[in-house]
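Engineer: Below you will find the structure I want to go over with you.
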Amino acid sequence: MTLANSLAALDAAHQLHPFTDARALEEKGPIIIEKGDGVRVWDSTGKEYLEGMSGLWSVALGFGEERLVKAAHEQLQKLPYYHTFSAKSHEPSIRLAEKIAEMAPEGLNHVFFTNSGSEANDTVVKLVWYMNNALGRPQKKKFLARKNAYHGITMASGSLTGIEADHTDFDLPILPVIHLTTPHFYRFGAEGETEAQFTARLLKEIEDTIAREGADTIAAFIGEPVMGAGGVLVPPAGYWPGVAEICRKNDILLIADEVINGFGRLGTTFGCQRMGFTPDIMSVSKQLTSSYMPLAAVVFSDAVYNAVADNSHRLGGFAHGFTASGHPVATAVGLENLKIIEERGLVAHAAELEPMFQKGLRDMLEFPIVGEARGVGLIGAIDLVADKATKRKFSKPGQVGQIANGFAHEEGLILRAIGDTLALCPPMISTEAEVAEMLRRMRVAVERTV
Ligand code: PLP
């Protein structure tokens, strides 16, 4: 039990936490993070942790980037708020939209700002539906997504999400979404199937689904190039180019959810570039501001823009937006953040660290309980199994959480447990020595479980 009137007790009394067992929190209290610097954070007892998850896969520049503080401070003094409704605008939002368009794959020149990744994906749904209504094909509304995908938790983005636990008791999905097989060979490959056969089976599943439903009813296919919150699931070779080809053939928009992958995480500016496809629409967030300010964006092609712009003209306005769309402080911080990522060559840095980081994870395959190690760039994971040969799932429920929240914390490392997976996603500014130390602490935490 926590002490009366302590911060922990007040927290339990008044705050309901996302993705947290509220009763367990009342009992044990939260870990209160007090300050951060570089790749480290400290809790209220003074304990230091290496932040192996970049917060929520997002704090690219670590926790003490003075230039972001300065950018926020200056913008707060000059113009702390203005909106972007009704043909009003302001320089930070304009400059950041231009910067994102410059960095984005060829042809993606248009940006709509939101506050969160969930709102970005809700905006994607509305944008696509608005476009198809405008183009006189109101029946073309269904989304193809994947099981275990994470696209957010609002009613629309939560419907796109394919993680069952995120639907339970929320009456989701509410959209016409078809969740297809997760492109993760280790877990979903059939007995005796090769990786190439697995890829072919998944592509056939998409084609069969389109044939069954009718291409004229399917608006878009959405996916994270590499799935993050579903457990860092790396698709098999050929999967994304195959998906892109099927979408093109069937006039189905292809949407890359780059909320985790975007701005360098996979060692390329966007995940779609690493996975070999060009989307029509991307959603971005997280590393856009290193999470110093809440901000996300939908980035889209000229074709999508033109259909939407024409319809907004016909209707007298695009009736969608948020009070804080393009918030000046958030966009000023985003612009400075992207400049720093470029100036310091952090995308190339992630690519340079990839071999040692991924090898460090794969070296853990020597433990009897590690069934798979995987990842791309500076994102990776290991899967714990009760039996390597049969890939039988780790037997005791909650045990992986115990490694992340127990042993890893004791070793001074923040990791993420996702089912039987342990994920690691170091800040993009991490040095090789810091990444090596994160891996060492992770090994110790796993070893203590063996
Ligand atoms: N899309 C992906 C791929 C994500 O990982 C997340 C969040 O983790 C979201 C969307 C939702 O973003 P937010 O939590 O900002 O609503």
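The values are calculated or read from the model by the stated rules, or taken from the named source; none is laboratory data. It should be emphasised that the depicted structure is a prediction, and the values quoted were computed from it without experimental measurement. No Cβ is skipped: glycine too gets one built from the backbone with ideal geometry, and neighbour counts run over all protein chains shown.
Engineer: Give the residue, chosen from Arg362, Arg374, that is charged (D, E, K, R), surrounded by 21 or more Cβ atoms within 10 Å (Cβ to Cβ) and under 29 Å from Gly267 (Cβ atoms). Show your work before the answer.
Structural biologist: Values: Arg362 fails: surrounded by 21 or more Cβ atoms within 10 Å (Cβ to Cβ).
Of the residues listed, the single one that is charged (D, E, K, R), surrounded by 21 or more Cβ atoms within 10 Å (Cβ to Cβ) and under 29 Å from Gly267 (Cβ atoms) is Arg374.
Engineer: Among the candidates His151, His110, single out the residue that is outside any loop (DSSP other than H, G, I, E, B) and either in the same structural domain as Arg212 (by TED's automatic domain parsing) or touching a Phe, Trp or Tyr at 6+ places or on another chain (Cβ under 6 Å) (or both).
Structural biologist: Values: His151 fails: outside any loop (DSSP other than H, G, I, E, B).
One residue alone meets the criteria, His110.
Engineer: Let me ask something additional. Looking at Tyr49, Tyr81, which is the one that is more than 16 Å from the ligand (Cβ to nearest atom), surrounded by fewer than 13 Cβ atoms within 10 Å (Cβ to Cβ), touching a residue at least 24 places away in the same chain (Cβ under 8 Å) and among the hydroxyl-bearing types (Ser, Thr, Tyr)? First the steps, then the outcome.
Structural biologist: Values: Tyr49 fails: surrounded by fewer than 13 Cβ atoms within 10 Å (Cβ to Cβ).
Checking each option against the conditions leaves just Tyr81.
Engineer: Which residue out of Asp302, Asp251, Asp310 is more than 14 Å from the ligand (Cβ to nearest atom) and closer than 30 Å to Gln197 by Cβ?
Structural biologist: Numbers: Asp302 fails: closer than 30 Å to Gln197 by Cβ; Asp310 fails: closer than 30 Å to Gln197 by Cβ.
Answer to the check: Asp251.
Engineer: Any residue at all in the range 16-37 that's touching a Lys or Arg at 6+ places or on another chain (Cβ under 6 Å) and not assigned by TED's automatic domain parsing to the domain that holds Asp166? Steps first, please.
Structural biologist: The initial filter retains those residues of the range 16-37 that are touching a Lys or Arg at 6+ places or on another chain (Cβ under 6 Å), namely none.
The answer is no, given that none of the residues of the range 16-37 is touching a Lys or Arg at 6+ places or on another chain (Cβ under 6 Å) and not assigned by TED's automatic domain parsing to the domain that holds Asp166.
Engineer: Give Ser157, Ser118, Ser93 a once-over and let me know the one that is more than 16 Å from the ligand (Cβ to nearest atom) and either touching a helix residue (DSSP H, G or I) at 6+ places or on another chain (Cβ under 8 Å) or assigned to a strand (DSSP E or B) (or both).
Structural biologist: Numbers: Ser157 fails: more than 16 Å from the ligand (Cβ to nearest atom); Ser118 fails: more than 16 Å from the ligand (Cβ to nearest atom).
Being more than 16 Å from the ligand (Cβ to nearest atom) and either touching a helix residue (DSSP H, G or I) at 6+ places or on another chain (Cβ under 8 Å) or assigned to a strand (DSSP E or B) (or both) holds for just one of Ser157, Ser118, Ser93, which is Ser93.
Matching residues to (1) acidic (Asp, Glu); (2) under 30 Å from Tyr82 (Cα atoms):
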{"residue": "Val243", "(1), (2)": "no, no"}
{"residue": "Leu254", "(1), (2)": "no, no"}
{"residue": "Ile260", "(1), (2)": "no, yes"}
{"residue": "Leu266", "(1), (2)": "no, no"}
{"residue": "Phe277", "(1), (2)": "no, no"}
{"residue": "Ser301", "(1), (2)": "no, yes"}
{"residue": "Asp310", "(1), (2)": "yes, yes"}
{"residue": "Gly316", "(1), (2)": "no, yes"}
{"residue": "Ser325", "(1), (2)": "no, yes"}
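Engineer: Next question. Hey, does the range 268-284 have a residue that's among the charged types (D, E, K, R) and within 13 Å of the ligand (Cβ to nearest atom)?
Structural biologist: Keep residues of the range 268-284 that are among the charged types (D, E, K, R), which gives 274, 280.
This time we only want the ones that are within 13 Å of the ligand (Cβ to nearest atom), so: none.
No, the range 268-284 contains no residue that is among the charged types (D, E, K, R) and within 13 Å of the ligand (Cβ to nearest atom).
Engineer: What is the number of the single condition among (1) out of contact with any Asp or Glu (no Cβ under 7 Å at 6 or more places or on another chain); (2) surrounded by fewer than 14 Cβ atoms within 10 Å (Cβ to Cβ); (3) modelled with pLDDT of 95 or more that Arg392 does not meet?
Structural biologist: (3)
Engineer: Let me ask another. For the range 315-340, enumerate the residues that are of a type in the set (A, V, I, L, M, F, W, C) and part of a loop (DSSP other than H, G, I, E, B).
Structural biologist: The first filter runs over the range 315-340 and keeps only residues of a type in the set (A, V, I, L, M, F, W, C), leaving 315, 318-319, 322, 324, 329-330, 332-333, 335, 338, 340.
Result: Phe318, Ala319, Phe322, Ala324.
Engineer: Quick check on this structure: which one of Ala196, Ala256 is in the same structural domain as Asn337 (by TED's automatic domain parsing), within 15 Å of the ligand (Cβ to nearest atom) and either part of a loop (DSSP other than H, G, I, E, B) or of a type in the set (A, V, I, L, M, F, W, C) (or both)?
Structural biologist: Values: Ala196 fails: within 15 Å of the ligand (Cβ to nearest atom).
Only one candidate qualifies: Ala256.
Engineer: Looking at Val259, Val243, Val284, Val298, can you tell me which residue is touching a Lys or Arg at 6+ places or on another chain (Cβ under 7 Å) and modelled with pLDDT of 95 or more? Walk me through how you get there before you give the answer.
Structural biologist: Values: Val243 fails: touching a Lys or Arg at 6+ places or on another chain (Cβ under 7 Å); Val284 fails: touching a Lys or Arg at 6+ places or on another chain (Cβ under 7 Å); Val298 fails: touching a Lys or Arg at 6+ places or on another chain (Cβ under 7 Å).
Result: Val259 is the single residue among Val259, Val243, Val284, Val298 that is touching a Lys or Arg at 6+ places or on another chain (Cβ under 7 Å) and modelled with pLDDT of 95 or more.
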